[in-house]
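What follows is calculated from the coordinates using simple rules that are stated; it is not laboratory data. These numbers come from a predicted model, not from an experiment. Note that we place each Cβ from the backbone using ideal geometry, even for glycine, and neighbour counts take in every protein chain shown.
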């Protein structure tokens, strides 16, 4: 209360200047202002005392993970904190936040009747223990002492048994010595006394009984020692556990992630605060099951799943799960462009260039190798299955949000959780695709128009054809309304062959020679299917980027004029094959170039 009076008086220095220089407890305060101070302080104190019920309370509260929005990389987590307090200002301490999250993203919201004054976050350690040991520590020490006493008791018992063995050994040694050293004396005494056979038998029985008794005592003692040593091994394990438990109590307290929230409420509170933050330790990816039915009306049944994982170290139990395709950690603005400088430099002579190893083809091949090295690898599908009720899908431009309709549990140890989104069927157009220059196999492809109401997200798919698993494929991003080309494996019912009919190099001309190359190919396709099929055949011809190199393509039938993907030199034919029908494609090209130059054909990094 004194501190609050001092703060109020300090703000009103014109009324109470003495308080602007020192605390009221300062006995050197000028008497000139003492009366003024008292006149101001008394009504202020009365006002503060009358409103003491609304003064700040310190509240310690525990939080619960209630919801999470998971992105392909990262997540936004929402925790709820119950708060019950009267009207006024309050400081709420939440000390169960995770240690690793984006602290800059921490936000706190509440109902309209309260105001969030400030939010602070820190990594703190528990206060040091008092010098007096806690009851837990005393109990752990007592447990260690009890096990140590058990070990001492066992050692004493083993020592006692060792004494029994020593005594038994001495008895056996005495009997052996008696027989060896006193045998003749015993015979002489027996003869002089006129003892008969019975006396000798009695003496032998006595010695044998004494020996047997000593050996039995030794055997029993050895068995007891073996049992005690086995018991000692178990007690030693108990001692190790007890010492570890005691050492754990002596470890320094672990760090805590603490949020301190200051609020002001106009009315009494019985509500919940929402703590929201981002973490990079989570993610999800779509996976698909695509089942093609090649009946009279071909269709593909698409089952969409989401593979969700998080490794925050704490389990998300019974949370409201939302999956979003947004990437909040990615770039959110276009890069800035800078000036581009052009320079010229002398071109080395052909001989010098050959010495240095310069060539256009080498440069292009190097670029291609670099392009291949930087090409992203296809993701690997991980298997998991935990079907749950469906999602509510929301589409915002290219961003898709799936809200799970039922609570779900996500373990915090990177365990993959697979949840089902939905299942839909779509009519498809079937085609067979072949590139016989590289592979004469024909592969079945289905053109599916995306009518999901949102984009098809990139992900791994398991492909089934007429109930048979054909393999996996990576499905690229397909906007709503676009066509997705889905692969469904090889078609053994279509036979394709590729033959080279002619390959000839020569030159012509009298004054200036001109080089010429002729290449001719024959592609044959035959259908063994019981229904018509469209076969798309793809091949290529070289492309010239130099005026002196002329290329003329010849083909029967005529191919499509432009490749669908805009690749220069790539040609395609669409053949409508009837059951049992065979069709032939004649294809080739002529190249001409100056006789003083060499020709080199190399693949371009399309």
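Reported to two decimal places, what Rg/Rh ratio describes the stretch 396-457 when computed on Cα atoms with Rh from the Kirkwood expression? Working shown, then result.
Details: Rg = 18.7 Å, Rh = 16.2 Å.
Radius of gyration relative to Kirkwood radius: 1.16.
I'd like the distance between the alpha-carbon centres of the stretch 229-259 and the stretch 65-119, rounded to an integer number of Å.
First find each Cα centre; the distance between them is then 36 Å.
Can you tell me the Rg and the Dmax, both Å, for the Cα atoms in the stretch 462-606?
Considering the stretch 462-606 through its Cα atoms, Rg and Dmax are 19.8, 68 Å.
What distance in nm lies between label points placed 7 Å from Cα along the C-beta direction at residue 411 and residue 440?
With each label placed 7 Å out from Cα toward Cβ, I get 5.1 nm.
Scattering from the C-alpha atoms of the stretch 209-270 alone, worked out with Debye: what is log10 I(q)/I(0) at q = 0.13 1/Å?
Values, matching the q order: -0.70.
Between the stretch 490-508 and the stretch 536-595, what is the separation of their alpha carbon centroids in Å?
One Cα centre to the other: 12 Å.
What is the gain in length, in nm to one decimal, between residue 220 and residue 238 on full extension, counting 0.36 nm per residue of separation less the C-alpha to C-alpha distance?
3.8 nm
Could you tell me how far the Cα centroid of the stretch 435-470 sits from the Cα centroid of the stretch 293-339, in Å?
With the stretch 293-339 and the stretch 435-470 each reduced to a Cα centre, they are spaced 20 Å.
What FRET efficiency would be calculated for the residue pair residue 107, residue 152, taking the C-beta separation as r and a Förster radius of 45 Å, to the nearest 0.05?
With R0 = 45 Å, the Cβ-Cβ based efficiency is 0.15.
What's the FRET efficiency of residue 472 with residue 89 using the Cβ-Cβ distance as r and R₀ = 41 Å, to the nearest 0.05?
0.10
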